[in-house]
Amino acid sequence: MRHPSDPSNALPTTIPPPPAAPGALTSARRLGSATLFGTAFLAAAVFVSACAADPRGESSSPDGSSNDARVELLTWTEQMAVRDQWLTKRHEMLLPMMRRHGIDMWIVVNEEFHDDPLTEYIAPARPYTGRRDIFVFVDAGDEGLRKVAATGYWEETVARFFESPIDPDPADQVLQTLWQEHRPEAIALGTGGRRGMTRSLTHDSYRFLAEAMGPEAEARFVSAEPLIEEYLATRIPEEWDHYERLVALTEEITRRAFSDEVITPGTTTVGDVRRFMYDALWDAGVDTWFQPDLRVQRSGMERVGSRGFLAVAPEETVIQHGDLIHVDFGISYMGLDSDWQKMAYILQPGETDAPQGLRDALTNTNALQDALMLRASRPGRTVGEVYAQTMAEMDEQGITAQVYSHPLGNHGHGLGPSIDFRSSGSSAAAERVLVEGAYISIELNTLTPVPEWDGQEVFIMQEDPAFLTAEGWRFFRPRQEALYLIGATGS
């Protein structure tokens, strides 16, 4: 999904994933998902093709079929247990991060019915119903990291991670006591950031903290933005398998949506496909972080743009024979987000494949992926260098290209270095450095004239989650090297 590039300069410390891409996903568990405050359970299985995550790997069958390899998600209680393990690991990494950024105390405030986007990542992923639940991290020197929770209601799970007495003192007293005990020089709050998760503290909660801790403490309030970015941009190995499952489910729903199961040329509308994808999310017990968007290109159709990109098609648009269709889709699961774009061709009567010009156009986008992922990107390189090398190679090949890739992980538009057209030149964003193990959305497109469409230019847009190795980016799932075909005989 397209997003504004994040110009922040903080460098995430990212733990690399397993050195080799895993093979087929085979574990069998009940499906289920949980956001912080809701869940749906289902015992149905999700079937996906079981190809290794190789950036040059061939795509699955273009007609949308898949083999019998089986991947299933966790129930909500299983998810909570796993995420608690992740939280333990993340808390172990927090003190060095605080010290790198010169932060002595970090305060996160969660409000009733107005949840802070950080809460489920710094505290157990449970519902919080206190009018104001406060989580405090303190650099206690030789004693290490002190963690204190002042919550409206005592929660046993919270008490496993924080100092949290069953009969707690009022939050303002807890804050004043912590201030007097530690006298921190820098008290970091979620203010002053450029992204929502780095500026999430409300005005009223800011005033509450200032009044509770006093004017001297308020004078030491600083933005937690660099700490929040490093904390959320850091990936841990334990997330890897679950994230691959998330991407596999994203692929499976997309392949079903772009198949004869859902689309009947001349009848099915863009809105019909979108609603199918919403219902598939419900059936799988997962959520999404943005609505599924479809784009339609066809011979002779006037191109409609939006902010420099091909515009989303209206829901009433009827999908016809000969159309080239595109979807932008993502799933939320276990506090992680995917982001995914694929394309399909609606066969004309008598056709068995897409026109050669459309196939060549997809080949151009694959060439762009190779340039960016395999040759330009390496840990330690700046995103400005990566972008410049990628675009230079495209110029040499005569390919018109756009790159707008962004970090992935806890959020679909995550924090960390982005590789996109805003990363060119001498901007601060261009100086950000790639870190091994980071997750990214390889989001890009090429524009190619199609002879069969009288030279009309066609966008081939692709988006795939990937992770950075010493040899470049690697996909979690095989990339698309053939258009999905709808209307094929026997499909």
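Only the coordinates and a few stated rules stand behind these numbers; no lab work does. None of the values given here were measured: they were computed from a predicted structure. So basically every Cβ, Gly included, is an ideal-geometry build from the backbone, and we count neighbours across all protein chains shown.
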ask   = Hey, what D do you get for the stretch 330-420 in µm²/s if you plug the Kirkwood alpha-carbon radius into Stokes-Einstein at 20 °C and 1.002 mPa s?
value = 139
query = How about the stretch 231-297: which GluC sites (Glu not before Pro) there are in a DSSP loop, with at most 15 other Cβ atoms within 10 Å of their Cβ?
reply = E261
note = Low-density loop GluC sites (Glu not before Pro), the stretch 288-368, at most 12 other Cβ within 10 Å, DSSP non-H/G/I/E/B, are E302, E316
ask   = Residue by residue through the stretch 392-408, which ³J(HN,Hα) values in whole Hz follow from phi under the Karplus form 6.51 cos²θ - 1.76 cosθ + 1.60 (θ = phi - 60°), with glycine and proline marked x?
value = 5, 5, 5, 4, 4, 8, x, 9, 7, 9, 10, 10, 8, 7, 9, x, 10
query = What whole-number value in cubic angstrom gives the convex hull volume per residue for the C-alpha atoms of the stretch 251-406?
reply = 146
request  = Return, for the Cα atoms of the stretch 104-223, the radius of gyration and Dmax in Å, separated by a comma.
outcome  = 13.3, 38
query = Between the stretch 396-418 and the stretch 162-193, what's the alpha-carbon centroid distance in Å?
reply = 38
remark   = Projected area averaged over all directions for the convex hull of the alpha carbon atoms of the stretch 392-459, nm², comes out at 6.1
